[in-house]
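The values are calculated or read from the model by the stated rules, or taken from the named source; none is laboratory data. Computed from a predicted structure; not experimentally measured. We place every Cβ from the backbone using ideal geometry, glycine too, and count neighbours over all the protein chains shown.
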Amino acid sequence: MAGQLFIGLMSGTSVDGVDAVLADFTGKRPVVLAAHHRPFDSALRTRLLALAQPFAGELDAASEVGLELAAAYAEASLAVAASAGVMPAAVAAIGCHGQTVRHRPERGYTLQIGAPALLAERTGIAVVSDFRSADIAAGGQGAPLAPGFHAAVLADPITPRIVLNLGGIANITRLVPGQPVTGYDCGPANILMDGWTERHLGQPFDRDGAWARSGLTLAPLLERMLDEPFFAMQPPKSTGRDLFDLGWVDRRLDGSESPADVQATLLALSATTIATAIRSTVGAHSTALDVVACGGGARNTAFMEALALQVAPARMLSSNVFGFEPESIEPLAFAWLACARLYGRPANLPDVTGASGPRVLGAVYPAPA
Ligand SMILES: Nc1ncnc2c1ncn2[C@@H]1O[C@H](COP(=O)(O)OP(=O)(O)O)[C@@H](O)[C@H]1O
Ligand SMILES: [Mg+2]
């Protein structure tokens, strides 16, 4: 049916590229018609990573990189539409998260770049972006925003579920029948492992966790890392590169550690903090529970095995068990958020973000005439 096709674009803290889906929201359950991953080339990735820290000239740099991003987003949007055989004119809107360069809800702001007006111009499709600031203006964290979508699409009437997104950062959504949906960022998923792998192996990530498997978890180092106050903070809370970067790791090393053992310890850190967060969130439901993993980290077999051990007897599943590839869930959430915006439906969950009430999220850039 016309008017129900939406594209969702997500490029997260991993800065690996953009994941795109084209989805049909006509029925009760969205149908992913096509998915596409467009990696960032290393020059764009380097420029994006540089923007994580303040520097002189950053405003011009951010604006220029935003235009480059829009070009990448346009390519991904047109590619995903073409692979489904759908004309751009048939797409109601693109939900474009953009690339976060600052996330400071405690100071009242968050900033995603990606030149949405240029994206609309390049694709001929309306764009919805800037999804987080209305929630922050209402006193919320502006994150996570996917839980509303998870609740609409992945909740089960009987079995309690946790949706666990393993991007750069890990976030969880609690879907327990009869209880409010809650969710928050629990800490690093891949971000520290990726950074450490890049530094020592020159690779963007540790494929299947093979390098982490070759090392041993260093218990004293793990203890020092677990002392990070963020882990003990009560939700709502959200985090990103502002806190978890390689400097954070370096400050906890004593210099005697082998790089492979540090990698194994970083994997253990992510698995431990995620499992602890899940247990404290579901309480008595932590036994008969399904943990539904999505995001690129669901491809990391060593990570998934470590998580399965830590959350047992809860079951660790990949989202593809429910018909959605792990990489499709987050972009699909932003397609859903764009749809909610066009229909004027509030999409934040105040219990999740801490906002003072439901808000319609996102700014609309109409399709060029
Ligand atoms: N085969 C794999 N083995 C290990 N890690 C993987 C694999 N595939 C993807 N990843 C991880 O997933 C990350 C990308 O996940 P993604 O969901 O796109 O995160 P983000 O939303 O932060 O961009 C990569 O940086 C990498 O750490
Ligand atoms: Mg990504």
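When the residues of the range 13-30 are filtered to those that are under 20 Å from Arg47 (Cβ atoms) and buried (at least 24 other Cβ atoms within 10 Å of the Cβ), the one that is nearest to ligand 1 (Cβ to nearest atom) is Asp19. All of (1) of a type in the set (A, V, I, L, M); (2) part of a loop (DSSP other than H, G, I, E, B); (3) modelled with pLDDT of 95 or more hold for Ala79 with one exception: (2). Of all residues in the range 189-201, at least one satisfies being within 18 Å of the chain's Cα centre (by Cα), under 16 Å from Val291 (Cβ atoms) and not assigned by TED's automatic domain parsing to the domain that holds Asp41. Just a yes or no: is a residue in the range 47-67 within 30 Å of Phe25 (Cα to Cα) and at pLDDT 95 or above? Looking through the range 47-67, at least one residue is within 30 Å of Phe25 (Cα to Cα) and at pLDDT 95 or above. Of the helices (runs of 4 or more DSSP H) lying entirely inside the range 258-369, those carrying at least 2 residues that are within 16 Å of ligand 2 (Cβ to nearest atom) and touching a helix residue (DSSP H, G or I) at 6+ places or on another chain (Cβ under 6 Å) are 329-342. Among residues that are surrounded by 24 or more Cβ atoms within 10 Å (Cβ to Cβ) and within 21 Å of Asn165 (Cβ to Cβ), Ala347 is included.
The condition of being in contact with a Ser or Thr (Cβ under 6 Å, 6 or more places away or on another chain), modelled with pLDDT of 95 or more, aromatic (Phe, Trp, Tyr) and not in a loop (DSSP other than H, G, I, E, B) holds for only one of Phe231, Phe149, that being Phe231. Candidates in the range 24-53 are the residues that are of a type in the set (Gly, Ala, Ser) and closer than 24 Å to Ala170 by Cβ; of these, the one that is farthest from ligand 2 (Cβ to nearest atom) is Ala52.
Every condition in (1) touching a strand residue (DSSP E or B) at 6+ places or on another chain (Cβ under 7 Å); (2) away from ligand 1 (no atom under 16 Å from the Cβ) is met by Thr239 except one, and the failing one is (2).
A Cβ distance below 6 Å, combined with a sequence gap of six or more or placement on separate chains, defines the contacts here; from the range 350-369, residues that are at pLDDT below 95 reach residues that are among the charged types (D, E, K, R) and not in a loop (DSSP other than H, G, I, E, B) in the pairs Thr353/Asp135. Scanning the range 293-327 for residues that are within 15 Å of ligand 1 (Cβ to nearest atom), surrounded by 19 or more Cβ atoms within 10 Å (Cβ to Cβ) and farther than 17 Å from Asn190 by Cα yields Ser319, Phe324.
With respect to His103, determine if the residue is at pLDDT below 95 and within 16 Å of ligand 1 (Cβ to nearest atom). Yes: the conditions hold for His103.
Yes/no per residue for (1) farther than 24 Å from Gln99 by Cα; (2) assigned to a helix (DSSP H, G or I); (3) within 16 Å of ligand 2 (Cβ to nearest atom):
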{"residue": "His200", "(1), (2), (3)": "yes, yes, no"}
{"residue": "Phe205", "(1), (2), (3)": "no, no, yes"}
{"residue": "Ala210", "(1), (2), (3)": "yes, yes, no"}
{"residue": "Arg213", "(1), (2), (3)": "yes, yes, no"}
{"residue": "Ser238", "(1), (2), (3)": "no, no, no"}
{"residue": "Arg241", "(1), (2), (3)": "no, no, yes"}
{"residue": "Asp254", "(1), (2), (3)": "yes, no, no"}
